[in-house]
Structure formats: C-alpha cells, structure tokens
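Have a look at the structure below before the remarks.
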Amino acid sequence: MRLLRILAIVLLVGGVAIAQSPPLGVGRTPTPEEIRAWDISISPTGTELPPGHGSAKEGAQVYRTKGCAGCHGANLTGGRAPVLVKADKPAGTDPWALGRVLPWRAPYATIVWDYLNRGMPLNREGTLTADEVYALTAFLLFKNGVIAEDEVLDAQSLPKVKMPMRDAPAPIPEWKHGTPRLKGYPY
Amino acid sequence: MAKAMDDSFVAYGMNGEPVRPQQGFPLRLMVPGFEGIFHTKYLRRIKAVDTYYTNYNEYGHLRQDAKDAALGYQIGPKSVITYPSGGQQLAGKGFYEIRGLAWSGGGAVRKVEVSTDGGKNWKPAEIRGTAYRMAHTKFTYNWNWDGNETEILSRCTDEIGQVQPTRAQVAKFFNVPADHEHSFNVPGNDNSIQPWRIARDGSVHNAIA
C-alpha cells in the first residue's frame, strides 16, 4: 500500500518534471520563406496568390498534357472523376440544377485555383506550376461560360472574377455551444 | 472560430500511445461532435482567418437551403440497435436483451428510448456505464418477444434536448413528396431512426429497405 502511494507520487512528480523540461533541442522556428511555401490556403480576396498568369487556351493545353482528361474525360465530363462542366440545359434553368460542378458552383474563383493547386493531379499534387494553375482555372471557367476565352488570369484579375453562383449558397450557420443545430427540427 | 475555442484540440496520442499513422500521426486536429472531415490528419499548419475561405472540402458544405446547411456540421443525435439487427436470427419467442449504441455531436446522450411495436409505444432504455460527451453510449432494454412479426426501434435524446427523428419526420419537415420518401437523403449525416423488422421465423431485416 505504502509502496503504491510512493509510486503514485513518483509518477506524478515525474510527469510534472517532464512537462517542465527545458526544450529538447529539436526543431527550429520556421523561416518566413518556409511559412510562405506552406501557406497555400487562398482567400476570396486572393491575398495569398503567387505571381503568374494563364489563359483558357493555355489551360486547354495543360489539361491535355497533364493527363486531366484521363480521369475527367476529354470534354470535362464522362470520366470516373467529377464532372467539370455544367449541364447543357436551356437558359433560365435553375443554376442549382446544372450539377455539382466546382468551376460553376464555387462562389469565388479563388476556390477553383486553390483546389487545383492543392489537390490536383491526384497523387501528383504540387507538381503544377503557378502559371499552369492559372491557365487551368481560366480553362475551366471559360468552359463554364464564366469568362471569355482570351481573358488572362493572374493574382489581380482572378479574385475579381464574378462567379455566377456568388450569392446563391445559404449562409453558413454560426455555431454556439449547447445550441441545437436547427431550432424546431424536426418537429 | 467559436467551435475552435470551445473544445477543439490537437491530438498527439490515443489509447496511451502516439496517434497511429492511419489516424494522422504525428498530430491530428479533433473537432468533437463535428463531421469527420473536419478532423484533419497529419496536421501541418493552422491558420486563423477572418472570412470563410470555402476551399477544398469546405466547399462541399455549401447548400441552397439554409435549413439544410445548418445540419451539415455537427452530428445529430443518433442511436442504433446492434442486437437484434439486420441479418441476425432469433431462436424463437422469449426473453431478449436488446442492445445498442447512441451518440450525439450536441454533447452527452441524455436518454434512449426503445419501441418494440413499430414506434407506437416508447419505453426508456437503460444507459450502461457513463454517458460521456461525444462518446458512444451503450444502452440495453429487456424484451419478451411474443413471436409475432414486429419492428424494433431506438430513439436518442441528447443533453441539449435534440431528439433523433424518423425518416418520415425528416421528409415531412423538408416537404419531400411521398413517392420520394424512400430514396431521399436525410440532411447532414443521416441520424434518422433505424427500424429492424423481425419476422415470425425470427429473422431480422432492415425495415427501410
């Protein structure tokens, strides 16, 4: 019993000692360049966008040479990966009915850029240059009728693109501790 | 941001050992009660921002309907009977201990009720052990089966008063036409009641399919 009590105290003190140990001498403060390289989340205002530029014509080339068509289809549809072009329906159709298509439904063009830069091509993420990502973004936006074919996208023009569904999504709810998800749901 | 400051944390260990690679070694973000997609594995950086960037998988949470959007983050109250459940076989009429699990992203499970007559009557189940916040909570209910075909169901209520709905209740709330009631998706992570149909021969089936 007594031994157990001593053991408990030793463990406790030991725990505190570990928690208060001086730095272990591993790691270092990252340099501003390293932080910049990892800071890949692009805001709707485009603050974090790197230099570079690209147009839809260049993007069509990148789409072919980087193997995008292999998964997304030569015409941005019909592959095993998500469809990248809105459904071909008469003008005036409810925009939500044109498909869950990122370069059509995204409220900001920066989302398209961020997604391509962060997650494509699958298993070869990070291999696209900034110019290629600008070009592919322009290509996808052109194919969805958002921008003209000769429009050049760069860090200044990309955030200014007015996406067709900019104001369509419902507001994201404010989370509050201890509050039901939806008042009065489901009865 | 409110959720980040409330109870979110960065995990470096689990069950007395470092977080395993398949669980996100060395660091994993935990956002208790929220959909799994928020629990980022292999955490490399945290960046506090003043607007919703809607990048990558956040984009998938955008919805046309505000009510639909409100159900997409925090897991609703959910329970499921694990015994007897679909695919199992009862030997015949007589005594059975109905067992199951309940949980909720709203906090701890406060109450679980069981119905053995297709939802007409509900009786309180017994909570086994302590109902911790965000944790799976075991429940049991003693039942004497009379050998007739029936449906058994469980219904969870969490500590903030949210009640687990039936599919029919959700369909009514969202005005889903009756002929679509069997195929619609319950918004958010489907937390609707799972009914099991017990046939006279003791075989147990999914009562929705």
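Bear in mind these aren't lab numbers, they're just calculated from the coordinates by the rules spelled out. Quick caveat, the model's predicted, so the values are computed rather than measured. FYI the Cβ positions are ideal-geometry reconstructions off the backbone, even for glycines, and counts take in every protein chain you see.
Identify the residue in segment B:1-10 that is assigned to a loop (DSSP other than H, G, I, E, B) and surrounded by 13 or more Cβ atoms within 10 Å (Cβ to Cβ) and, among all such residues, is nearest to the other protein chains (Cβ to nearest Cβ).
The selected residue is B:D7.
Regarding segment B:63-82, can at least one residue be identified that is more than 17 Å from B:D190 (Cα to Cα), in contact (Cβ under 8 Å) with a residue 24 or more places away in the chain, outside any strand (DSSP E or B) and among the β-branched types (V, I, T)?
no
Taking into account only those residues within segment B:172-193 that are farther than 30 Å from A:H177 by Cβ and aliphatic (A, V, I, L, M), which is farthest from the other protein chains (Cβ to nearest Cβ)?
Within segment B:172-193, the match that is farthest from the other protein chains (Cβ to nearest Cβ) is B:A178.
Restricting to segment A:166-184, count the residues that are in contact with a Leu (Cβ under 9 Å, 6 or more places away or on another chain) and crowded, with 17+ Cβ neighbours inside 10 Å.
Counting residues in segment A:166-184 that are in contact with a Leu (Cβ under 9 Å, 6 or more places away or on another chain) and crowded, with 17+ Cβ neighbours inside 10 Å gives 5.
Residues checked against (1) in contact with a helix residue (DSSP H, G or I) (Cβ under 7 Å, 6 or more places away or on another chain); (2) more than 7 Å from chain A (Cβ to nearest Cβ):
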| position | (1), (2) |
| --- | --- |
| B:K47 | no, no |
| B:Q64 | yes, no |
| B:A70 | no, no |
| B:V80 | no, yes |
| B:Y96 | no, yes |
| B:R99 | no, yes |
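Look through A:E132, A:E151, A:E48, A:E125 and report the one residue that is out of contact with any helix residue (DSSP H, G or I) (no Cβ under 7 Å at 6 or more places or on another chain) and of a type in the set (D, E).
On inspection, the qualifying residue turns out to be A:E48.
Are any residues in segment B:11-47 among the β-branched types (V, I, T) and surrounded by 13 or more Cβ atoms within 10 Å (Cβ to Cβ), and if so, which ones?
Within segment B:11-47, B:V19, B:V31, B:I37, B:T40 meet the criteria.
Filter segment B:125-139 for residues that are surrounded by fewer than 17 Cβ atoms within 10 Å (Cβ to Cβ) and under 15 Å from B:R99 (Cβ atoms) and give the result.
Scanning segment B:125-139 gives B:E126, B:R128, B:G129, B:H136.
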